Amino acid sequence: MALTILVGMSAALVYRQEDTEITGEDDGIEERFVVYFMAGCCTGLTLSYAIFLKRINQKYVRTFFDTRTGDEFIASEFRRSLKEDNDADT
């Protein structure tokens, strides 16, 4: 999502520059406002995600950063739980 905001910020700045060059008129949107607004949104998203990862049960944090597909993850977690159950029974 942060990438979308950064691309949107860049597109807004480029579009405004091209529009002003072509028509010679200013549309009234300040470039600074767009940059600060988008930077604020990006910072807010980053902070909210960091706070989310800090506040959740820490054993689940690893599920957000895994290279396995969903099917591979489910299968390995199922096998791991079966092994834990068998180890607990013996």
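The values are calculated or read from the model by the stated rules, or taken from the named source; none is laboratory data. Worth saying up front: this structure is predicted, and the values here are computed from it rather than measured. Please note: Cβ atoms are built from the backbone with ideal geometry, for glycine as well, and neighbour counts cover all protein chains shown. With ligands, DNA and RNA removed, areas are computed over all heavy atoms of the protein, side chains included. Shrake-Rupley method; radii C 1.70, N 1.55, O 1.52, S 1.80 Å.
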* To do: Among the numbered conditions (1) among the polar types (S, T, N, Q); (2) open to solvent by 90 Å² or more (accessible area, probe 1.4 Å); (3) at pLDDT below 80, tell me where Gln58 comes up short.
  => (3)
* To do: Give region 61-90 a look and list any residue that's exposed (fewer than 10 other Cβ atoms within 10 Å of the Cβ), at pLDDT 80 or above and within 21 Å of the chain's Cα centre (by Cα), or say none.
  => Thr67, Thr69, Gly70
